[in-house]
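Okay, so here's the structure we're looking at.
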Amino acid sequence: MIAVIVVRDGVLHAGAVEAVAECAGRAVLIGSATTTAAEQLTGYATELVLAETDATRPGACAGALAPRLAGEPIVVLPASPDGRDLAPRLAALLRRPLLANAARIEPHLVITVRGTHMQRLSPEPAFVATLIPGVRGALANVTTPPTVTTLAVDLELPGGPPDATCVAVLPPDAATIDLAEANRILGGGAGLDSAERFAQLAAIGASIDASVGATRVITDRHWIGHERQIGTTGVVVRPQLYVAFGVSGAVQHTSGLGHPDHVISVNTDPHCPMMQMADLAIVADANAVVGELVARVTQ
């Protein structure tokens, strides 16, 4: 098994470390400032291949990598935006099935998540898979430095799928960023009384560069899209700051939170699980607090 990690300006995005750990420390880093990214894998990586190139061309990257990955039966990418762009292109060129959104990857067993269901699959001997960020976790238990080699890639060689022309790379917008990549999240739960509250959370989030998430009961009501559901059957997140409004803290939700650096919870029930895990627990009506906050930030 080998991981393929797309790197932009030396940044390892969500799920990169876990994908490397799932592959026993073996990985190819492709993109820009890969040496910087490699340093962040100390303690996790055993064998690294660095391919310095343009990360905005997944088709060309797939064309350059496919011949070199042909001898690797299992190729794993994080299910991050870049990983989801590159994985199907690699699978097509390698003529292998793509097992997307996996929670566990082994040679003879892959567990994938499909909405609220988990599927146990017996894969073919060779396949490409994407690993859900935040599900596996990773421990820095490699005590020796990884072996590092470089790989020269030519994106102008024919063979890869055509790419769209990249006009510009814009900074991430908290309103639309993949929730797994968000550093700040405002979460709403069953304690909020209407879909309007989520529009208000979005207004608050825009003022502090935070994304909006929700519990399953909210997405089941269609007050917000399923892609904004936090939890084991939604998106697994790892924000620096998580502010929960009217979230009781069911295990399906909290298991998908990772370990935020700071947790603030607003709830009328001081004894609910979300309040117990909060660094700052505010006993109040979440609807009233959201209304007051939106009034302040939109003055």
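The values are calculated or read from the model by the stated rules, or taken from the named source; none is laboratory data. All figures in this text were calculated on a predicted structure; none of them were measured in a lab. Cβ sites come from the backbone with ideal geometry, for glycine too, and all protein chains shown count toward neighbours. Calculation scope for accessible area: heavy atoms of the full protein, side chains included, ligands and nucleic acids excluded. Shrake-Rupley method; radii C 1.70, N 1.55, O 1.52, S 1.80 Å.
Among the residues making up segment 16-48, those that are open to solvent by 30 Å² or more (accessible area, probe 1.4 Å) and either free of Cβ contacts under 8 Å to residues at least 24 places away in the same chain or not in a loop (DSSP other than H, G, I, E, B) (or both) are Val17, Glu22, Ala24, Arg26, Thr35, Thr36, Glu39, Glu47. Going by the structure shown, is Ala281 on the phi < 0 side of the Ramachandran plot, touching a strand residue (DSSP E or B) at 6+ places or on another chain (Cβ under 8 Å) and small (Gly, Ala, Ser)? It is true that Ala281 is on the phi < 0 side of the Ramachandran plot, touching a strand residue (DSSP E or B) at 6+ places or on another chain (Cβ under 8 Å) and small (Gly, Ala, Ser). Report yes if Leu98 is surrounded by 15 or more Cβ atoms within 10 Å (Cβ to Cβ) and either over 19 Å from the mean Cα position of the chain (by Cα) or modelled with pLDDT of 95 or more (or both), otherwise no. It is true that Leu98 is surrounded by 15 or more Cβ atoms within 10 Å (Cβ to Cβ) and either over 19 Å from the mean Cα position of the chain (by Cα) or modelled with pLDDT of 95 or more (or both). Filter segment 210-251 for residues that are more than 14 Å from Leu186 (Cα to Cα) and among the charged types (D, E, K, R) and give the result. Hits for segment 210-251 are Arg216, Asp220, Arg221, Glu227. Could you tell me whether Val237 is among the β-branched types (Val, Ile, Thr) and touching a helix residue (DSSP H, G or I) at 6+ places or on another chain (Cβ under 8 Å)? Yes: the conditions hold for Val237.
Evaluating Leu155 against the criteria (1) under 19 Å from Val49 (Cα atoms); (2) assigned to a loop (DSSP other than H, G, I, E, B); (3) out of contact with any helix residue (DSSP H, G or I) (no Cβ under 6 Å at 6 or more places or on another chain); (4) aliphatic (A, V, I, L, M) leaves one unmet condition, (3).
Annotation note: Cβ proximity below 8 Å between a residue of segment 74-90 that is over 23 Å from Pro172 (Cβ atoms) and a residue that is open to solvent by 10 Å² or more (accessible area, probe 1.4 Å) and acidic (Asp, Glu) (sequence gap 6+ or interchain) occurs for Val76/Glu22. Note on segment 260-272: among residues that are modelled with pLDDT of 95 or more and under 18 Å from Arg238 (Cα atoms), the one that is most open to solvent (accessible area, probe 1.4 Å) is His262. Is at least one residue of segment 120-128 closer than 24 Å to Ser32 by Cα, open to solvent by less than 30 Å² (accessible area, probe 1.4 Å) and of a type outside the set (D, E, K, R)? Yes; the residues of segment 120-128 include at least one that is closer than 24 Å to Ser32 by Cα, open to solvent by less than 30 Å² (accessible area, probe 1.4 Å) and of a type outside the set (D, E, K, R). Of the residues that sit in segment 275-293 and are of a type in the set (A, V, I, L, M, F, W, C) and touching a residue at least 40 places away in the same chain (Cβ under 8 Å), which one is surrounded by the most Cβ atoms within 10 Å (Cβ to Cβ)? Residue satisfying both the conditions and the ranking: Val290. One residue stands out among those in segment 1-14 that are open to solvent by less than 10 Å² (accessible area, probe 1.4 Å) and in contact with a Ser or Thr (Cβ under 8 Å, 6 or more places away or on another chain): the one that is farthest from Gly137 (Cα to Cα), which is Gly10. Screening segment 191-275 for strands (runs of 3 or more DSSP E) wholly inside it with 3 or more residues that are within 22 Å of Thr176 (Cα to Cα) returns the ranges 211-214, 241-245.
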